[in-house]
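Everything below concerns the one structure shown next.
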Amino acid sequence: MKIAISGKGGTGKTMLASLLSTVFARSGYSVLAIDADPNVNLAAAFGLPNSEKIIPISKMDDLIEERTGARPGQMAPYFRLNPKVDDLPDKCSLKHDGVKIMVMGPIKAAGSGCYCPEGALLEALVAHLLLKVDEMVILDMEAGIEHLTRGTAKGVDKLIIVVEPSMRSVITGYRVRDLALEIGLQNIGVVANKIRSEKEKEFLTANMADFQFLGFIPYDEGIAEADRIGLPLVDSSEKVMREVKSIVASLDKPK
Ligand SMILES: Nc1ncnc2c1ncn2[C@@H]1O[C@H](COP(=O)(O)OP(=O)(O)O)[C@@H](O)[C@H]1O
Ligand SMILES: [Mg+2]
């Protein structure tokens with residue numbers, strides 16, 4: 001199964017990506033968790049010490065040159081668009097708590113029009129992960145779906161849009177859905193996060209009535225606290241874990 005996670009910044013995409021990854025891994029899946037947000041922080045959510053020192057793939061200049069034939073910064077028209085990437089999930093990941101974590105990192109010109117060698121490498125890597133790898137892949141993205149294309153969207157089994165009870169996150173949710181539908185991605189679900197009351201839950205279900213809600217994760221200080229001090233988010237809140245497990249159970253059902 002391949003799951004992509006998007007939504008407005010701060011809604012809890014990284015929290016959800018890390019918890020889903022660990023819960024799936026604990027139930028026996030081989031899981032690759034991919035940090036595809038230029039603002040990298042997924043490894044920190046797993047509680048990896050010195051996570052800020054991890055070199056993202058987009059900054060591995062030697063690897064990029066070896067695979068594409070050009071170094072980042074060279075705008076030469078001479079780099080390979082189909083670099084070899086099949087060994088990267090093992091070579092460029094860290095194993096933690098049963099989950100393989102890969103950090104893609106920022107590319108200079110964010111968005112689809114980046115004709116740079118690091119963009120070509122990441123594009124080929126995402127295509128490989130979504131279309132070829134026989135493992136569970138959980139992609140922690142930014143507030144858009146820039147990493148997906150009409151071709152790679154076919155490999156995504158579920159796009160999860162994370163929202164919190166705010167109009168702005170709802171508006172971003174609609175925007176992400178529009179972008180997803182444009183590239184043919186139709187299997188879209190919503191996870192509501194940071195819910196503090198029935199009223200907040202109703203705000204979201206009323207304003208997103210035609211979305212499929214996969215779950216409602218409560219706000220819990222345990223998560224915020226663990227994040228603040230750099231502890232793993234998993235198991236930092238019983239309430240949140242319970243809901244994430246129920247989301248996993250609903251995703252795990254055969255289609
Ligand atoms: N259910 C929750 N309860 C409390 N705090 C949360 C919850 N979900 C996320 N947070 C906090 O909100 C902030 C943003 O979460 P994060 O997962 O980094 O969002 P995103 O990846 O969407 O930007 C973090 O400080 C995180 O600890
Ligand atoms: Mg994030």
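The values are calculated or read from the model by the stated rules, or taken from the named source; none is laboratory data. Predicted model, so just to flag it, every value in this text is computed and none were measured. Here the Cβ is made from the backbone with ideal geometry for all residues, glycine too, and neighbour counts use every protein chain on show. Surface accessibility is based on the protein's heavy atoms, side chains included, excluding ligands, DNA and RNA. Shrake-Rupley method; radii C 1.70, N 1.55, O 1.52, S 1.80 Å.
Summary table below
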read-out	value
Within straight-line cross-link reach of Lys8, lysines at Cα separation under 16 Å, skipping those fewer than 8 residues along the same chain	Lys194
Spacing of the two label points (7 Å from each Cα toward its C-beta) at Glu221 and Ala206, in nm	2.9 nm
Relative frequency of Cα-Cα separations exceeding 22 Å in the stretch 106-184, percent	28 percent
Debye equation applied to the C-alpha atoms of the stretch 1-77, log10 I(q)/I(0) at 0.13, 0.14, 0.18 Å⁻¹	-0.54, -0.61, -0.86
Positive-end residue of Ile171, Val240, Ala192, charge dipole of the stretch 162-240 with Cβ unit charges	Ile171
Kirkwood Rh in Å, taken over all unlike Cα pairs in the chain	18.5 Å
With DNA, RNA and ligands ignored, accessible area of Phe213 (1.4 Å probe; Å², nearest 10)	50 Å²
Estimated translational D of the stretch 127-255 in µm²/s (Stokes, Kirkwood radius over Cα pairs; 37 °C; 0.692 mPa s)	206 µm²/s
Electrostatic dipole magnitude of the chain [Cβ: Lys, Arg +1; Asp, Glu -1; Cα centre; debye, to 20]	380 debye
Isotropically averaged projected area of the stretch 69-202, using the convex hull of Cα atoms (one quarter of hull area), nm²	10.0 nm²
Convex hull of Cα atoms in the stretch 49-103, direction-averaged projection (nm²)	4.4 nm²
With Cα atoms, 0 to 90° folded angle of helix 13-26 axis to the chain main axis	90 degrees
For Lys194, residues with placed amide H under 5 Å, excluding near neighbours	Ile217, Tyr219
Accessible-area composition of the chain, carbon plus sulfur, in percent [1.4 Å probe]	51 percent
Rounded accessible area per residue of the stretch 101-255, 1.4 Å, Å²	47 Å²
Whole-Hz couplings from phi, Karplus 6.51/-1.76/1.60, listed for the stretch 142-147; x for Gly and Pro	8, 6, x, 10, 3, 7
